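Below is one structure, written out as structure tokens, with a few remarks after it.
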Amino acid sequence: MVLAPAVETECLRGNTPMNLVCKLLLLVVVPSAMTAPSRAQQTPALTRLDAHSDGQVTKDEFPDRLRNNFDRMDTNKDGAVSDAEFAAFRQNRNPQREGEQQPQVEPTHGDVSYGEHEKQSFDIWLAKSEDGKPTPLVIYIHGGGFRGGDKRAVGGQPIAEYLDKGISFASMNYRLSDVGPYPIMMHDAARGLQFIRSKAKEWNLDPERIACYGGSAGAGISLWLGFHDDLANPDSDDPIARQSTRIVAAGTMNGQPTYDMRTFREWFEVPELPPHPALERFYGVKTGEDWQSERVVKLMEDASAITHLTKDDVPVFMTYSQGDVPVTEHSSPGLWVHHSRLGLKLKEAQEYLGLEYYVT
């Protein structure tokens with residue numbers, strides 16, 4: 001575990017908007033929701049069960065001892081379990097195993113549309129404010145390789161904990177790669193964030209204290225929002241488009257700061273590492289298309305959060321469930337795409353720029 005000195009001195013002290021949201025990510029709820037289980041508590045990694053390396057595990061691929069929980073894990077009922085669904089199940093199983101009732105928290109506003117597509121929606125839980133002041137907000141963005149997952153994957157326990165601390169919570173859907181390639185996923189999350197900001201006064205939210213976190217693809221989107229230049233258009237006739245897309249902190253579970261295959265190959269020192277199957281549809285790569293083409297290279301660079309990293313960017317909390325294990329060209333794509341080396345490489349870049357980070 002690495003805690004940058006800057007985090008201890010700046011993030012954990014003081015009451016500026018950035019410090020407050022950074023503290024809630026590091027100290028309040030996200031650590032308890034994101035901390036990896038001890039070695040004795042770990043269940044088999046989902047990637048080891050993924051026989052087809054497609055980021056989705058069907059019931060037949062589950063071992064017998066886990067199969068009776070498949071329906072509970074498959075929250076979006078698509079017949080397969082994603083990383084985000086598996087992580088949510090592991091996160092919430094302890095209270096259930098101890099005989100406690102998992103809290104079910106109905107959203108204040110459910111299935112709020114921020115666009116015309118059915119996936120352009122979110123749920124939001126508004127925290128009570130004791131003094132009437134606007135509350136900070138944490139937005140959860142689900143994972144699933146940009147081709148699966150759902151906002152319902154987040155469990156009731158972290159929602160209840162956030163609300164108990166006076167922090168509002170939202171869970172967001174976005175269009176997936178079966179609808180179209182990058183950048184629709186990131187732009188959807190940005191638009192959803194802008195929509196929520198446009199409701200800040202009505203919902204008693206502090207628009208200056210909004211953070212995002214998620215697992216895998218949701219982590220990548222959170223980092224992209226945290227590092228990308230503001231997409232707000234102050235001259236737009238659309239009041240939502242005039243809202244900022246900047247956040248003040250990002251949290252990641254098994255996240256990717258890059259989606260560039262050239263970078264993956266460099267970081268893992270495997271020149272022949274084959275592209276992750278999810279990235280083909282993410283970039284709309286056609287059969288036989290050259291991954292070194294100008295079109296694909298441009299997309300890979302822009303989709304990678306680390307490309308946009310600058311010295312004025314936000315604090316990041318990163319956690320990984322796998323150690324720095326060897327990677328070869330025959331390794332499961334699910335292994336290297338969630339590898340701790342990705343977080344360590346981002347940490348190096350953040351250190352170079354003097355940014356705040358937390359890696360475990």
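In summary, Phe122 fulfils each of the numbered conditions (1) outside any loop (DSSP other than H, G, I, E, B); (2) in contact (Cβ under 8 Å) with a residue 40 or more places away in the chain; (3) over 15 Å from Met186 (Cα atoms) with the single exception of condition (3). Total residues in the range 156-174 satisfying the condition of being of a type outside the set (A, V, I, L, M, F, W, C), buried (at least 22 other Cβ atoms within 10 Å of the Cβ) and under 17 Å from Leu126 (Cα atoms): the figure is 4. With respect to (1) closer than 27 Å to His187 by Cα; (2) under 16 Å from the mean Cα position of the chain (by Cα), the lone exception for Gly284 is condition (2). Does Ala127 satisfy the condition of being among the aliphatic types (A, V, I, L, M), over 17 Å from the mean Cα position of the chain (by Cα) and in a loop (DSSP other than H, G, I, E, B)? So Ala127 fits the description; yes.
When the range 179-207 is filtered for residues that are more than 30 Å from Met300 (Cα to Cα) and either in a helix (DSSP H, G or I) or in contact with a helix residue (DSSP H, G or I) (Cβ under 8 Å, 6 or more places away or on another chain) (or both), the ones remaining, listed by number, are Ser198, Ala200, Lys201, Glu202, Trp203, Leu205, Asp206, Pro207.
Which residue, of Val325, Val296, is at pLDDT 95 or above and closer than 22 Å to Arg262 by Cα? Of the residues listed, the single one that is at pLDDT 95 or above and closer than 22 Å to Arg262 by Cα is Val296. Looking for something touching a His at 6+ places or on another chain (Cβ under 9 Å) and under 26 Å from Gln350 (Cβ atoms) - is there at least one such residue anywhere in the range 231-244? Yes: one or more hits. Within the range 142-155, the set of residues being assigned to a helix (DSSP H, G or I) and surrounded by 24 or more Cβ atoms within 10 Å (Cβ to Cβ) comprises Lys151, Ala153.
Looking at the range 153-165, can you tell me whether even one residue there is modelled with pLDDT of 95 or more and under 12 Å from the mean Cα position of the chain (by Cα)? Scanning the range 153-165, I find no residue that is modelled with pLDDT of 95 or more and under 12 Å from the mean Cα position of the chain (by Cα), so the answer is no.
In this structure, is Lys128 of a type outside the set (A, V, I, L, M), modelled with pLDDT of 90 or more and within 26 Å of Thr58 (Cα to Cα)? No: the conditions fail for Lys128.
What's the number of the only condition in (1) part of a loop (DSSP other than H, G, I, E, B); (2) of a type outside the set (A, V, I, L, M, F, W, C); (3) surrounded by fewer than 13 Cβ atoms within 10 Å (Cβ to Cβ); (4) at pLDDT 80 or above that Asp111 fails to meet? Looking at each condition in turn, Asp111 falls short on (1).
Residue-by-condition table, conditions (1) touching a residue at least 60 places away in the same chain (Cβ under 8 Å); (2) touching a Ser or Thr at 6+ places or on another chain (Cβ under 7 Å); (3) of a type in the set (Asp, Glu):
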{"residue": "Phe268", "(1), (2), (3)": "yes, no, no"}
{"residue": "Pro271", "(1), (2), (3)": "no, no, no"}
{"residue": "Pro277", "(1), (2), (3)": "yes, yes, no"}
{"residue": "Asp290", "(1), (2), (3)": "no, no, yes"}
{"residue": "Glu294", "(1), (2), (3)": "no, no, yes"}
{"residue": "Val314", "(1), (2), (3)": "yes, no, no"}
{"residue": "Thr319", "(1), (2), (3)": "yes, yes, no"}
{"residue": "Gln322", "(1), (2), (3)": "yes, yes, no"}
{"residue": "Leu344", "(1), (2), (3)": "no, no, no"}
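Per-residue answers, yes or no, for (1) under 13 Å from the mean Cα position of the chain (by Cα); (2) at pLDDT 95 or above:
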site	(1), (2)
Ile184	no, yes
Ser198	no, yes
Ile221	yes, yes
Asp229	no, yes
Pro239	no, yes
Val248	no, no
Met253	yes, no
Tyr259	no, yes
Trp267	no, yes
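The values are calculated or read from the model by the stated rules, or taken from the named source; none is laboratory data. A quick note: this is a predicted structure, and the numbers were derived from the prediction, not measured. Neighbour counts are summed over all protein chains in view; Cβ atoms, including those assigned to glycine, are modelled from backbone coordinates with ideal geometry.
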